[in-house]
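First the structure, in the form of structure tokens, and then the observations on it.
The values are calculated or read from the model by the stated rules, or taken from the named source; none is laboratory data. No experiment lies behind these values; they were computed from the predicted model shown. Please note: Cβ atoms are built from the backbone with ideal geometry, for glycine as well, and neighbour counts cover all protein chains shown.
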Amino acid sequence: MHIQLVRHATLRITYKGHTLLVDPMLSTPGELPAVANTPNQHPNPGAALPISVQEVLEGVDAIVVTHTHGDHLDPAAIQQLPKNLPLFCQPPDKEKLSEHGFEQVIVVQEELEWEGIRFHRTGGHHGTGEIGKQMGPVSGFVLQAAEEPTLYIAGDTIWCEEVEQALATFDPNVIVVFGGAAQFLVGDPITMTKEDIVQVAQTAPGSQVFVAHMEVWNHCLLSRSELREYVGENKLAERVQIPQNGETIEYRR
């Protein structure tokens, strides 16, 4: 299995002979407005794609959308993605994705199998309290296949009971977490903080942790350098990977 961090939450995953594109966001730097009510108001995205859109889409066999917030599926992606590819999603997003013109929207209720890959959908909390409710439902996905590592893509969630349960149920070899500690001017973070990421790694001592969702969107306040320092202090540097945009990491079962 290979995981390439394209940018933010956008991943190219090679798994069981197929290339999956996760949470495509293809806008050029500054093309989108800043998220309102956040500590800085820099337009989004704050970093360029490390490869061309053509390279992002090359050889893609299917798309996975954890949820439809604009930093996980943006107007540029909606316009440029092939509409005939299978697109896996959570139940609340089916109608919206169909309205965007996608022809093969496949809802993962609990689990399903496609091309030798078993998908399981997991839950999460995109924040706490009233803000968490306003952010709407989010999902993660676990992928399993013969002779491949079990992969858990946690999605836009903080550390919560659902994440803990997914780790206990599936015992993943590799965990992709969406970090950045995204936050508004009020309320708690809505994506994983450095403490959350360390909690994931400590709860799953047999897993490798791949951190995405960093240093691109204006409300993501946790930097790679701060996370790297904290991970090191907790003696987890060998198991927690913090890739740069465009970087690919190979994992074996």
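Looking at the range 26-58, which of its residues are of a type in the set (D, E, K, R) and within 18 Å of the chain's Cα centre (by Cα)?
Once the filter is applied, which keeps residues that are of a type in the set (D, E, K, R) and within 18 Å of the chain's Cα centre (by Cα), the range 26-58 yields nothing.
Considering only the range 1-54, how many residues are free of Cβ contacts under 8 Å to residues at least 24 places away in the same chain, polar (S, T, N, Q) and exposed (fewer than 15 other Cβ atoms within 10 Å of the Cβ)? So the answer is 2. Scan the range 238-253 for residues that are of a type in the set (D, E, K, R), at pLDDT 95 or above and in a loop (DSSP other than H, G, I, E, B) and the total you get is 3. Among the criteria (1) touching a His at 6+ places or on another chain (Cβ under 7 Å); (2) closer than 17 Å to PHE210 by Cβ; (3) assigned to a helix (DSSP H, G or I); (4) of a type outside the set (Phe, Trp, Tyr), the one VAL163 does not fulfil is (1).
Of all residues in the range 115-128, those being assigned to a strand (DSSP E or B) and buried (at least 17 other Cβ atoms within 10 Å of the Cβ) number 5.
The set of residues in the range 111-131 being under 20 Å from PRO92 (Cβ atoms) and free of Cβ contacts under 8 Å to residues at least 12 places away in the same chain consists of GLU111, LEU112. In summary, LYS235 fulfils each of the numbered conditions (1) in a loop (DSSP other than H, G, I, E, B); (2) farther than 25 Å from ARG12 by Cβ; (3) in contact (Cβ under 8 Å) with a residue 12 or more places away in the chain with the single exception of condition (3). Against the test of being assigned to a loop (DSSP other than H, G, I, E, B) and at pLDDT below 95, the options ASN84, ASN37 yield a single qualifying residue, ASN37.
Taking ALA145 as the residue in question, decide whether it is touching a residue at least 40 places away in the same chain (Cβ under 8 Å), within 22 Å of THR14 (Cβ to Cβ) and crowded, with 24+ Cβ neighbours inside 10 Å. First the steps, then the outcome.
Numbers: touching a residue at least 40 places away in the same chain (Cβ under 8 Å): yes; within 22 Å of THR14 (Cβ to Cβ): yes; crowded, with 24+ Cβ neighbours inside 10 Å: no.
So ALA145 does not fit the description; no.
Quick check, is ASP71 surrounded by 22 or more Cβ atoms within 10 Å (Cβ to Cβ), touching a Phe, Trp or Tyr at 6+ places or on another chain (Cβ under 6 Å) and within 30 Å of ASP188 (Cβ to Cβ)? Outline the logic, then answer.
Working: surrounded by 22 or more Cβ atoms within 10 Å (Cβ to Cβ): yes; touching a Phe, Trp or Tyr at 6+ places or on another chain (Cβ under 6 Å): yes; within 30 Å of ASP188 (Cβ to Cβ): yes.
Against the criterion (surrounded by 22 or more Cβ atoms within 10 Å (Cβ to Cβ), touching a Phe, Trp or Tyr at 6+ places or on another chain (Cβ under 6 Å) and within 30 Å of ASP188 (Cβ to Cβ)), ASP71 qualifies.
When the residues of the range 166-203 are filtered to those that are in a loop (DSSP other than H, G, I, E, B) and in contact with a Lys or Arg (Cβ under 9 Å, 6 or more places away or on another chain), the one that is surrounded by the fewest Cβ atoms within 10 Å (Cβ to Cβ) is ASN173.
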